[in-house]
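Presented below is the structure to which this report refers.
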Amino acid sequence: IDFEDGIKSGKIEYIKQDVIDKYLDKVAQQGVHTDLVADSGLKVVYTPLNGTGNKPVRAILKKIGIKEVTVVPEQENPDGNFPTCPFPNPEIKEALAKGLELCKTVKPDLLLATDPDCDRVGIAVPDPEGNYVLFSGNEVGAMLLKYICQERTALGTMPKNPVAVKTIVTTDICKKIAAEYNVELREVLTGFKFIGEQIGFLEKEGQDDRYIFGFEESYGYLAGSYVRDKDAVVGSMLICEMAAFYRTKGISLLQAREDMYKKYGNYLHSQKSFQCEGASGMERMKEIMTDLRANPPKAIGGLKVVDIADYLASEETNLETGAKTVLTLPKSDVIAFKLEQGASVIIRPSGTEPKIKAYYTTIGDTRADAEAQEEKLIEDFKGILGF
């Protein structure tokens with residue numbers, strides 16, 4: 001059917017404004033300190049990366065009182081050819097090039113970038129020298145979790161028995177934050193649908209108000225149970241609100257991140273992919289996973305493996321005691337090697353591409369310590385995999 005014919009015949013309808021208004025009201029309800037935003041003086045540069053975020057993100061920022069929003073002009077309107085951004089992914093620094101360029105003249109407190117379908121959001125903030133520093137999805141998600149827990153507890157608006165959700169490859173700093181604020185932290189398999197599923201479980205029990213926040217390391221965030229997928233509109237709103245709140249306290253987002261690391265430890269995360277191209281690629285991926293199960297490493301990067309969680313066998317084994325635990329998550333071709341000092345390596349084949357993905361976590365007293373250990377893990381594990 002032709003689009004215009006569909007409109008004329010009534011087979012295709014535009015979403016009415018009252019539905020959009022109800023959605024924006026639900027998003028705004030997830031705010032914690034929206035009353036502080038209007039007078040915070042927060043200045044934002046925003047790019048929808050030629051995608052769908054332009055109107056809803058600007059609408060929600062206006063709704064909570066942010067007056068100074070400068071949109072990257074070349075990336076304002078929808079354009080599926082993405083002429084100024086060949087890879088419109090807010091996880092990639094190159095995607096933010098136009099936004100970072102505009103920041104040199106506008107000098108905002110925050111650069112905000114949503115991906116084309118507006119379900120993920122990335123940020124950059126200025127350092128003391130005026131250079132803009134990108135934050136990872138793990139960092140933003142952990143900071144939002146801490147902010148929500150800290151401020152809802154202070155305001156007395158935390159639900160009874162609150163629940164937060166993260167994926168198994170998302171930062172474990174959340175465990176320390178959740179423990180501090182008596183929040184039940186649920187871990188699910190990779191994929192935001194599994195976070196949405198947890199909200200569904202709570203809803204069936206009539207307890208969906210217990211859900212306070214969920215996120216994954218790949219820049220997807222959700223507060224509230226009004227939708228069941230990551231939502232960059234509420235993510236953008238909460239990030240801006242958090243920045244405005246800290247600004248009223250004289251704290252930059254860089255300082256807030258540093259304070260979080262000082263309190264809970266310097267958690268460092270990275271993800272590396274190993275290509276398995278060609279006709280034999282899928283077979284090689286299977287062989288690698290089979291070999292890791294049959295001959296698991298005793299140490300990685302000089303750190304002893306203390307625990308192995310095999311999500312295909314639904315079994316976790318403590319190598320020090322030999323104790324086995326049944327994993328209750330759905331079966332998935334994922335292996336997690338938990339190491340000394342809180343480090344870990346998680347490996348899984350990609351579900352969409354001929355590659356194997358490894359997720360590395362290290363914890364250090366300083367960022368330099370964590371980086372040095374991470375380098376050892378990556379190099380050693382590469383050899384273990386035979387690349």
Practice problem: Quickly run through region 317-327 and pick out the residues that are more than 17 Å from residue 190 (Cβ to Cβ) and not hydroxyl-bearing (Ser, Thr, Tyr). | Solution: 318, 319, 320, 322, 323, 324, 326
Quiz item: Which residues, counting only those in region 164-199, are farther than 19 Å from residue 147 by Cα, surrounded by fewer than 23 Cβ atoms within 10 Å (Cβ to Cβ) and out of contact with any helix residue (DSSP H, G or I) (no Cβ under 8 Å at 6 or more places or on another chain)?
Solution: 168, 187, 189, 190, 191, 193, 194, 196, 197, 198
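Residues checked against (1) outside the structural domain of residue 136 (by TED's automatic domain parsing); (2) crowded, with 21+ Cβ neighbours inside 10 Å:
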residue: 209; (1), (2): no, no
residue: 237; (1), (2): no, yes
residue: 255; (1), (2): no, no
residue: 279; (1), (2): yes, no
residue: 282; (1), (2): yes, no
residue: 292; (1), (2): yes, no
Exercise. Mind listing just one residue for me: the one in region 68-99 that is in a helix (DSSP H, G or I) and more than 21 Å from the chain's Cα centre (by Cα) and, of those, surrounded by the fewest Cβ atoms within 10 Å (Cβ to Cβ)?
Key: 73
Practice problem: Considering only region 112-135, state which residues are more than 11 Å from residue 90 (Cβ to Cβ) and under 16 Å from the mean Cα position of the chain (by Cα). | Solution: 117
Quiz item: Is region 38-53 home to any residue that is in a helix (DSSP H, G or I) and buried (at least 18 other Cβ atoms within 10 Å of the Cβ)?
Solution: no
Quiz item: Based on what the data block shows, is residue 160 assigned by TED's automatic domain parsing to the domain that holds residue 240 and farther than 20 Å from residue 239 by Cβ?
Solution: yes
Practice problem: Please enumerate the residues belonging to region 1-51 that are within 30 Å of residue 213 (Cβ to Cβ), more than 21 Å from the chain's Cα centre (by Cα) and hydroxyl-bearing (Ser, Thr, Tyr). | Solution: 23, 34, 40
Practice problem: Determine whether residue 128 is under 30 Å from residue 333 (Cα atoms) and either part of a helix (DSSP H, G or I) or not assigned by TED's automatic domain parsing to the domain that holds residue 337 (or both). | Solution: no
Quiz item: Yes or no: residue 80 in the same structural domain as residue 241 (by TED's automatic domain parsing), touching a Cys at 6+ places or on another chain (Cβ under 8 Å), in contact (Cβ under 8 Å) with a residue 24 or more places away in the chain and farther than 28 Å from residue 251 by Cβ?
Solution: no
Practice problem: Being under 15 Å from residue 188 (Cα atoms) and not in a strand (DSSP E or B) is the filter here, so list the residues in region 328-343 that pass it. | Solution: 328, 329, 330, 331, 332, 333, 334
Practice problem: Specify which of the listed residues (91, 129, 139) is within 30 Å of residue 182 (Cα to Cα) and among the acidic types (Asp, Glu). | Solution: 139
Quiz item: Within the bounds of region 219-229, is there any residue that is among the hydrophobic types (A, V, I, L, M, F, W, C), outside any loop (DSSP other than H, G, I, E, B), at pLDDT 95 or above and over 20 Å from the mean Cα position of the chain (by Cα)?
Solution: no
Self-check item: From 312, 377, residue being of a type outside the set (Asp, Glu), more than 21 Å from the chain's Cα centre (by Cα) and either in a helix (DSSP H, G or I) or not assigned by TED's automatic domain parsing to the domain that holds residue 285 (or both)
Solution: 377
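The values are calculated or read from the model by the stated rules, or taken from the named source; none is laboratory data. Since the model is a prediction, treat every value here as computed from it, not as a measurement. All Cβ positions, glycine included, derive from the backbone under ideal geometry; neighbour counts span all protein chains shown.
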